[in-house]
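Engineer: There's a structure below that I have some questions on.
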Amino acid sequence: MGPRGARCAHHGELSVFRRALLAASLATPALAQGWAPTRPLRMIVPFVAGGSTDVAARIIAEQMSERLGQPVVVENRGGSGGNIGGEIVARAAPDGHTLLMGVTGLLSTNAHIYRNMSFSPARDLAPVGMAYTSDMVIVVPPSLPARNLSEFVALAKARPGEMSFGSSGHGASTHTAAELFRMAAGIDLLHVPYRGSGGAMNDLMSGTLQMMLVQIAATVGAVRDQRLRALAVSGPQRHPLMPDVPTVTEEGYPQATATSWGAVMTTAGTPAPAIARLSEAVRAALTAPVAVQRMMAAGVDPQASTPEELAAFIRAEFEKWGRVVREARIQVD
(Lines give C-alpha, C1' and ligand atoms only; values in the text may rest on other atoms or scores of the structure.)
Protein backbone atom coordinates (compact mmCIF):
# COMPACT_ATOMS: atom_id res chain seq x y z
CA MET A 1 0.00 0.00 0.00
CA GLY A 2 1.41 3.43 -0.93
CA PRO A 3 1.57 6.38 1.42
CA ARG A 4 -1.68 7.90 0.15
CA GLY A 5 -3.56 4.62 0.57
CA ALA A 6 -2.02 4.04 3.98
CA ARG A 7 -3.06 7.49 5.13
CA CYS A 8 -6.63 6.98 3.91
CA ALA A 9 -6.82 3.58 5.58
CA HIS A 10 -5.57 5.05 8.85
CA HIS A 11 -8.08 7.90 8.74
CA GLY A 12 -10.85 5.42 7.91
CA GLU A 13 -9.93 3.39 10.97
CA LEU A 14 -9.89 6.55 13.09
CA SER A 15 -13.39 7.42 11.86
CA VAL A 16 -14.68 4.01 12.90
CA PHE A 17 -12.77 4.32 16.16
CA ARG A 18 -14.33 7.69 16.99
CA ARG A 19 -17.83 6.35 16.31
CA ALA A 20 -17.07 3.48 18.68
CA LEU A 21 -15.84 5.95 21.29
CA LEU A 22 -19.07 7.93 20.99
CA ALA A 23 -21.15 4.81 21.39
CA ALA A 24 -19.12 3.83 24.45
CA SER A 25 -19.61 7.26 25.99
CA LEU A 26 -23.36 7.05 25.52
CA ALA A 27 -23.57 3.60 27.08
CA THR A 28 -23.48 4.76 30.71
CA PRO A 29 -23.41 1.84 33.14
CA ALA A 30 -26.19 2.04 35.71
CA LEU A 31 -23.57 1.06 38.27
CA ALA A 32 -21.77 4.36 37.72
CA GLN A 33 -24.72 6.43 38.91
CA GLY A 34 -24.22 5.50 42.57
CA TRP A 35 -20.79 7.03 43.16
CA ALA A 36 -19.22 10.50 42.94
CA PRO A 37 -15.88 11.81 44.20
CA THR A 38 -16.06 13.88 47.38
CA ARG A 39 -12.71 15.70 47.04
CA PRO A 40 -10.04 16.39 44.39
CA LEU A 41 -8.54 13.32 42.72
CA ARG A 42 -4.84 12.63 42.15
CA MET A 43 -3.56 11.23 38.87
CA ILE A 44 -0.03 9.93 39.33
CA VAL A 45 2.21 10.02 36.26
CA PRO A 46 5.18 7.73 37.02
CA PHE A 47 7.62 9.81 34.95
CA VAL A 48 8.98 13.34 34.85
CA ALA A 49 6.90 16.09 33.28
CA GLY A 50 6.97 16.83 29.57
CA GLY A 51 6.84 13.39 27.94
CA SER A 52 3.95 12.01 25.91
CA THR A 53 2.58 10.12 28.94
CA ASP A 54 2.51 13.32 30.97
CA VAL A 55 0.88 15.32 28.16
CA ALA A 56 -1.83 12.69 27.63
CA ALA A 57 -2.50 12.48 31.37
CA ARG A 58 -2.98 16.24 31.66
CA ILE A 59 -5.36 16.38 28.71
CA ILE A 60 -7.46 13.50 30.06
CA ALA A 61 -7.36 14.83 33.65
CA GLU A 62 -8.69 18.20 32.50
CA GLN A 63 -11.62 16.56 30.73
CA MET A 64 -12.32 14.20 33.62
CA SER A 65 -12.45 17.17 36.03
CA GLU A 66 -15.33 18.66 34.07
CA ARG A 67 -17.26 15.40 34.14
CA LEU A 68 -16.61 14.40 37.75
CA GLY A 69 -17.20 17.80 39.32
CA GLN A 70 -13.87 17.64 41.16
CA PRO A 71 -10.34 18.63 40.07
CA VAL A 72 -8.12 15.81 38.84
CA VAL A 73 -4.62 16.94 39.81
CA VAL A 74 -1.66 15.43 37.94
CA GLU A 75 1.42 14.58 40.02
CA ASN A 76 4.72 13.46 38.48
CA ARG A 77 6.46 10.77 40.55
CA GLY A 78 9.21 9.35 38.36
CA GLY A 79 11.86 6.74 39.07
CA SER A 80 12.59 3.02 38.94
CA GLY A 81 10.98 2.46 35.55
CA GLY A 82 7.65 3.79 36.80
CA ASN A 83 7.60 1.62 39.91
CA ILE A 84 7.74 4.53 42.36
CA GLY A 85 4.60 6.13 40.97
CA GLY A 86 2.90 2.79 40.60
CA GLU A 87 3.50 1.91 44.25
CA ILE A 88 1.96 5.20 45.40
CA VAL A 89 -1.30 4.20 43.74
CA ALA A 90 -1.03 0.56 44.82
CA ARG A 91 -0.74 1.66 48.48
CA ALA A 92 -3.42 4.39 48.35
CA ALA A 93 -6.83 4.10 49.97
CA PRO A 94 -9.11 2.12 47.61
CA ASP A 95 -11.74 4.84 47.38
CA GLY A 96 -11.46 5.97 43.75
CA HIS A 97 -9.62 9.21 44.47
CA THR A 98 -6.13 8.10 43.37
CA LEU A 99 -5.45 7.27 39.73
CA LEU A 100 -2.40 6.14 37.77
CA MET A 101 -1.48 6.78 34.16
CA GLY A 102 0.11 3.39 33.66
CA VAL A 103 2.20 2.47 30.65
CA THR A 104 3.44 -0.61 28.82
CA GLY A 105 6.58 -1.12 30.89
CA LEU A 106 5.06 -0.59 34.32
CA LEU A 107 1.94 -2.67 33.72
CA SER A 108 3.23 -5.50 31.53
CA THR A 109 7.03 -5.69 31.71
CA ASN A 110 8.43 -4.55 35.06
CA ALA A 111 7.19 -7.57 36.99
CA HIS A 112 9.34 -9.72 34.69
CA ILE A 113 12.55 -7.72 35.07
CA TYR A 114 12.59 -6.29 38.62
CA ARG A 115 13.40 -9.13 41.02
CA ASN A 116 12.63 -7.05 44.11
CA MET A 117 9.53 -5.20 42.95
CA SER A 118 7.66 -4.05 46.08
CA PHE A 119 4.15 -4.45 44.68
CA SER A 120 2.32 -6.39 41.98
CA PRO A 121 0.57 -4.36 39.27
CA ALA A 122 -1.69 -7.33 38.56
CA ARG A 123 -2.68 -7.75 42.21
CA ASP A 124 -2.50 -4.21 43.61
CA LEU A 125 -3.88 -2.10 40.74
CA ALA A 126 -7.34 -2.16 39.14
CA PRO A 127 -8.04 -1.34 35.47
CA VAL A 128 -10.20 1.72 34.75
CA GLY A 129 -9.82 2.22 31.01
CA MET A 130 -7.41 2.43 28.10
CA ALA A 131 -6.17 5.95 27.36
CA TYR A 132 -3.96 5.98 24.27
CA THR A 133 -1.62 4.13 21.96
CA SER A 134 1.62 5.54 20.58
CA ASP A 135 3.29 3.97 17.58
CA MET A 136 7.07 3.82 17.43
CA VAL A 137 9.69 4.21 14.71
CA ILE A 138 13.16 2.80 14.06
CA VAL A 139 15.55 5.72 13.56
CA VAL A 140 19.26 5.90 12.79
CA PRO A 141 21.76 8.76 12.43
CA PRO A 142 22.24 10.09 8.87
CA SER A 143 25.93 9.15 9.12
CA LEU A 144 25.03 5.45 9.23
CA PRO A 145 25.25 3.87 5.73
CA ALA A 146 21.78 2.34 5.88
CA ARG A 147 19.02 3.89 3.76
CA ASN A 148 16.35 1.32 4.66
CA LEU A 149 15.68 -1.47 7.16
CA SER A 150 17.18 -4.20 4.96
CA GLU A 151 20.45 -2.30 4.70
CA PHE A 152 20.48 -1.74 8.47
CA VAL A 153 19.98 -5.45 9.16
CA ALA A 154 22.71 -6.36 6.66
CA LEU A 155 25.09 -3.88 8.30
CA ALA A 156 24.33 -5.25 11.77
CA LYS A 157 24.89 -8.83 10.61
CA ALA A 158 28.25 -7.82 9.13
CA ARG A 159 29.27 -6.24 12.47
CA PRO A 160 27.80 -8.51 15.17
CA GLY A 161 27.92 -6.95 18.63
CA GLU A 162 29.58 -3.76 17.39
CA MET A 163 26.48 -1.61 16.80
CA SER A 164 24.45 -0.21 19.67
CA PHE A 165 20.90 0.93 20.33
CA GLY A 166 19.74 3.31 23.03
CA SER A 167 16.67 3.27 25.24
CA SER A 168 15.04 5.38 27.94
CA GLY A 169 15.84 2.67 30.50
CA HIS A 170 15.83 -1.06 31.24
CA GLY A 171 12.42 -2.52 30.49
CA ALA A 172 10.97 0.64 28.95
CA SER A 173 9.05 0.20 25.70
CA THR A 174 12.01 1.78 23.88
CA HIS A 175 14.08 -1.15 25.19
CA THR A 176 11.70 -4.09 24.85
CA ALA A 177 10.37 -3.08 21.42
CA ALA A 178 13.95 -2.80 20.15
CA GLU A 179 14.74 -6.23 21.59
CA LEU A 180 11.67 -7.62 19.83
CA PHE A 181 12.92 -6.22 16.53
CA ARG A 182 16.48 -7.41 17.18
CA MET A 183 15.28 -10.97 17.76
CA ALA A 184 12.97 -10.89 14.73
CA ALA A 185 15.83 -9.72 12.52
CA GLY A 186 18.35 -12.13 14.03
CA ILE A 187 20.94 -9.45 14.77
CA ASP A 188 23.30 -8.82 17.69
CA LEU A 189 23.15 -5.25 19.04
CA LEU A 190 24.49 -3.73 22.26
CA HIS A 191 21.85 -2.13 24.50
CA VAL A 192 22.77 1.23 26.08
CA PRO A 193 20.15 2.35 28.64
CA TYR A 194 19.66 6.03 29.52
CA ARG A 195 17.59 7.83 32.14
CA GLY A 196 14.96 9.06 29.71
CA SER A 197 14.96 9.38 25.93
CA GLY A 198 16.51 12.87 25.72
CA GLY A 199 20.13 11.89 26.28
CA ALA A 200 19.79 8.82 24.09
CA MET A 201 18.34 10.90 21.23
CA ASN A 202 21.23 13.37 21.47
CA ASP A 203 23.79 10.56 21.28
CA LEU A 204 21.90 8.97 18.41
CA MET A 205 21.97 12.18 16.37
CA SER A 206 25.69 12.55 17.06
CA GLY A 207 26.34 9.01 15.83
CA THR A 208 27.44 7.63 19.23
CA LEU A 209 24.48 5.23 19.00
CA GLN A 210 23.45 3.49 15.81
CA MET A 211 19.73 2.94 16.38
CA MET A 212 16.71 3.70 18.55
CA LEU A 213 13.14 2.49 18.48
CA VAL A 214 11.22 5.40 19.95
CA GLN A 215 7.79 7.08 19.90
CA ILE A 216 7.08 8.73 16.56
CA ALA A 217 6.15 12.10 18.07
CA ALA A 218 9.61 12.41 19.65
CA THR A 219 11.36 12.08 16.28
CA VAL A 220 9.19 13.94 13.76
CA GLY A 221 11.16 17.19 13.93
CA ALA A 222 14.56 15.51 13.81
CA VAL A 223 13.52 13.36 10.83
CA ARG A 224 12.09 16.37 9.02
CA ASP A 225 15.32 18.31 9.61
CA GLN A 226 17.38 15.30 8.47
CA ARG A 227 19.09 14.95 11.84
CA LEU A 228 17.70 11.39 11.95
CA ARG A 229 16.64 8.90 9.30
CA ALA A 230 13.41 6.91 9.81
CA LEU A 231 13.59 3.33 8.55
CA ALA A 232 10.29 1.74 9.62
CA VAL A 233 7.38 2.29 11.99
CA SER A 234 6.52 -0.52 14.38
CA GLY A 235 2.74 -0.10 14.43
CA PRO A 236 0.26 -2.22 12.47
CA GLN A 237 -0.11 0.42 9.73
CA ARG A 238 1.66 3.52 8.47
CA HIS A 239 1.28 6.57 10.66
CA PRO A 240 -0.09 9.92 9.42
CA LEU A 241 2.84 11.77 11.00
CA MET A 242 5.21 9.71 8.80
CA PRO A 243 3.10 8.52 5.85
CA ASP A 244 6.12 7.77 3.66
CA VAL A 245 7.80 5.47 6.19
CA PRO A 246 6.94 1.76 5.76
CA THR A 247 5.91 -0.55 8.58
CA VAL A 248 8.08 -3.34 9.93
CA THR A 249 5.57 -5.73 8.37
CA GLU A 250 6.07 -4.17 4.94
CA GLU A 251 9.81 -4.54 5.46
CA GLY A 252 9.46 -8.26 6.19
CA TYR A 253 9.33 -8.37 10.01
CA PRO A 254 5.66 -8.70 11.06
CA GLN A 255 6.69 -10.34 14.34
CA ALA A 256 8.37 -7.04 15.33
CA THR A 257 5.08 -5.13 15.44
CA ALA A 258 4.86 -3.18 18.70
CA THR A 259 2.95 -0.18 20.03
CA SER A 260 3.44 1.55 23.35
CA TRP A 261 0.30 2.50 25.25
CA GLY A 262 -1.11 4.18 28.32
CA ALA A 263 -4.02 3.23 30.54
CA VAL A 264 -5.78 4.69 33.57
CA MET A 265 -5.61 2.49 36.66
CA THR A 266 -6.66 2.84 40.29
CA THR A 267 -6.05 1.02 43.57
CA ALA A 268 -7.17 -2.60 43.80
CA GLY A 269 -10.20 -3.01 46.03
CA THR A 270 -11.83 0.19 44.84
CA PRO A 271 -15.63 -0.37 44.81
CA ALA A 272 -17.15 -1.34 41.46
CA PRO A 273 -19.44 1.74 41.30
CA ALA A 274 -16.40 4.02 41.63
CA ILE A 275 -14.48 2.18 38.90
CA ALA A 276 -17.53 2.30 36.63
CA ARG A 277 -17.92 6.05 37.14
CA LEU A 278 -14.22 6.70 36.58
CA SER A 279 -14.21 4.54 33.47
CA GLU A 280 -17.19 6.41 32.11
CA ALA A 281 -15.37 9.72 32.71
CA VAL A 282 -12.24 8.48 30.91
CA ARG A 283 -14.23 7.31 27.89
CA ALA A 284 -16.15 10.57 27.76
CA ALA A 285 -12.89 12.54 28.00
CA LEU A 286 -11.55 10.67 24.98
CA THR A 287 -14.54 11.69 22.83
CA ALA A 288 -14.10 15.44 23.42
CA PRO A 289 -12.94 16.91 20.08
CA VAL A 290 -10.47 19.25 21.76
CA ALA A 291 -8.91 16.35 23.68
CA VAL A 292 -8.68 14.19 20.54
CA GLN A 293 -7.01 17.00 18.61
CA ARG A 294 -4.54 17.84 21.36
CA MET A 295 -3.59 14.21 21.98
CA MET A 296 -3.04 13.45 18.31
CA ALA A 297 -0.97 16.62 17.94
CA ALA A 298 1.19 15.28 20.78
CA GLY A 299 1.65 12.00 18.89
CA VAL A 300 -0.66 9.80 20.96
CA ASP A 301 -3.82 8.28 19.52
CA PRO A 302 -6.84 8.21 21.88
CA GLN A 303 -7.96 4.66 22.64
CA ALA A 304 -10.85 3.80 24.96
CA SER A 305 -11.97 0.56 26.58
CA THR A 306 -14.02 -0.87 29.39
CA PRO A 307 -12.22 -2.04 32.55
CA GLU A 308 -12.80 -5.64 31.48
CA GLU A 309 -11.33 -5.07 28.02
CA LEU A 310 -8.30 -3.36 29.54
CA ALA A 311 -7.75 -6.24 31.96
CA ALA A 312 -7.73 -8.74 29.08
CA PHE A 313 -5.40 -6.51 27.04
CA ILE A 314 -2.91 -6.16 29.90
CA ARG A 315 -2.88 -9.94 30.41
CA ALA A 316 -2.03 -10.45 26.73
CA GLU A 317 0.68 -7.78 26.82
CA PHE A 318 2.09 -9.29 30.04
CA GLU A 319 2.54 -12.62 28.27
CA LYS A 320 3.97 -11.04 25.09
CA TRP A 321 6.59 -8.92 26.80
CA GLY A 322 7.36 -11.64 29.33
CA ARG A 323 8.53 -13.81 26.43
CA VAL A 324 10.71 -10.96 25.14
CA VAL A 325 12.23 -10.38 28.59
CA ARG A 326 13.07 -14.07 28.99
CA GLU A 327 14.53 -14.50 25.52
CA ALA A 328 16.52 -11.24 25.70
CA ARG A 329 17.56 -12.01 29.31
CA ILE A 330 16.56 -8.56 30.55
CA GLN A 331 16.95 -8.14 34.30
CA VAL A 332 17.31 -5.34 36.84
CA ASP A 333 18.53 -6.11 40.36
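The values are calculated or read from the model by the stated rules, or taken from the named source; none is laboratory data. Values in this document were obtained by computation on a predicted structure and should not be read as measured data. All Cβ positions, even for glycine, are placed from backbone atoms using ideal geometry, and neighbour counts span all protein chains on display.
Engineer: When you scan region 291-333, how many residues do you find that are over 26 Å from residue 267 (Cβ atoms) and free of Cβ contacts under 8 Å to residues at least 24 places away in the same chain?
Structural biologist: Within region 291-333, residues that are over 26 Å from residue 267 (Cβ atoms) and free of Cβ contacts under 8 Å to residues at least 24 places away in the same chain number 5.
Engineer: Sticking with this one: With the condition kept exactly as written, say whether any residue in region 244-256 is at pLDDT 95 or above, in the same structural domain as residue 218 (by TED's automatic domain parsing) and in contact with a Pro (Cβ under 6 Å, 6 or more places away or on another chain).
Structural biologist: Scanning region 244-256, I find at least one residue that is at pLDDT 95 or above, in the same structural domain as residue 218 (by TED's automatic domain parsing) and in contact with a Pro (Cβ under 6 Å, 6 or more places away or on another chain), so the answer is yes.
Residues are listed down the side, and each one gets a yes or a no for (1) in contact with a Gly (Cβ under 9 Å, 6 or more places away or on another chain); (2) surrounded by fewer than 17 Cβ atoms within 10 Å (Cβ to Cβ); (3) in the same structural domain as residue 277 (by TED's automatic domain parsing); (4) closer than 19 Å to residue 56 by Cα:
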residue	(1), (2), (3), (4)
99	no, no, yes, yes
103	yes, no, yes, yes
113	yes, no, yes, no
125	yes, no, yes, no
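Engineer: Scanning region 256-294 for residues that are within 15 Å of the chain's Cα centre (by Cα) and part of a loop (DSSP other than H, G, I, E, B), which turns out nearest to residue 82 (Cα to Cα)?
Structural biologist: Of all residues in region 256-294, those within 15 Å of the chain's Cα centre (by Cα) come to 257-265.
With the extra rule that they be part of a loop (DSSP other than H, G, I, E, B), the set shrinks to 257-258.
Numbers: 257: 23, 258: 20 Å.
Checking each candidate, the answer is 258.
Engineer: I've got another one for you. Kindly indicate whether residue 196 is in contact (Cβ under 8 Å) with a residue 40 or more places away in the chain, small (Gly, Ala, Ser) and out of contact with any helix residue (DSSP H, G or I) (no Cβ under 7 Å at 6 or more places or on another chain).
Structural biologist: Values: in contact (Cβ under 8 Å) with a residue 40 or more places away in the chain: yes; small (Gly, Ala, Ser): yes; out of contact with any helix residue (DSSP H, G or I) (no Cβ under 7 Å at 6 or more places or on another chain): yes.
It is true that residue 196 is in contact (Cβ under 8 Å) with a residue 40 or more places away in the chain, small (Gly, Ala, Ser) and out of contact with any helix residue (DSSP H, G or I) (no Cβ under 7 Å at 6 or more places or on another chain).
Engineer: Would you confirm whether or not region 90-98 contains a residue that is outside any helix (DSSP H, G or I), out of contact with any His (no Cβ under 7 Å at 6 or more places or on another chain) and of a type in the set (Lys, Arg)?
Structural biologist: Scanning region 90-98, I find at least one residue that is outside any helix (DSSP H, G or I), out of contact with any His (no Cβ under 7 Å at 6 or more places or on another chain) and of a type in the set (Lys, Arg), so the answer is yes.
Engineer: While we're looking at this one, here's another question. Please report, ordered by residue number, the helices (runs of 4 or more DSSP H) entirely within region 108-161 with at least 1 residues that are over 30 Å from residue 221 (Cβ atoms) and within 19 Å of the chain's Cα centre (by Cα). It would help to see each step written out before you state the result.
Structural biologist: On the way: elements: 110-113, 121-124, 149-158.
In region 108-161, the matching helices (runs of 4 or more DSSP H) lie at 110-113, 121-124.
Engineer: Quick check on my filter: what residues within region 295-316 are in a helix (DSSP H, G or I) and at pLDDT 95 or above? Walk me through it before giving the result.
Structural biologist: Residues of region 295-316 in a helix (DSSP H, G or I): 295-297, 307-316.
307, 308, 309, 310, 311, 312, 313, 314, 315, 316 - these are the residues of region 295-316 that are in a helix (DSSP H, G or I) and at pLDDT 95 or above.
Engineer: Suppose we filter 217, 200, 178, 230 for residues that are modelled with pLDDT under 90, outside the structural domain of residue 103 (by TED's automatic domain parsing) and outside any loop (DSSP other than H, G, I, E, B); which single one remains? So that I can check it myself, show each step before the final result.
Structural biologist: Values: 200 fails: modelled with pLDDT under 90; 178 fails: modelled with pLDDT under 90; 230 fails: modelled with pLDDT under 90.
So the residue among 217, 200, 178, 230 that is modelled with pLDDT under 90, outside the structural domain of residue 103 (by TED's automatic domain parsing) and outside any loop (DSSP other than H, G, I, E, B) is 217.
Engineer: Report the residue count in region 72-123 for those that are out of contact with any helix residue (DSSP H, G or I) (no Cβ under 9 Å at 6 or more places or on another chain) and of a type outside the set (Val, Ile, Thr). Let's see the steps before the verdict.
Structural biologist: We begin by selecting, within region 72-123, every residue out of contact with any helix residue (DSSP H, G or I) (no Cβ under 9 Å at 6 or more places or on another chain); these are 84, 88, 92-93, 115-116.
Keeping just the survivors that are of a type outside the set (Val, Ile, Thr) gives 92-93, 115-116.
Looking only at that region, the number is 4.
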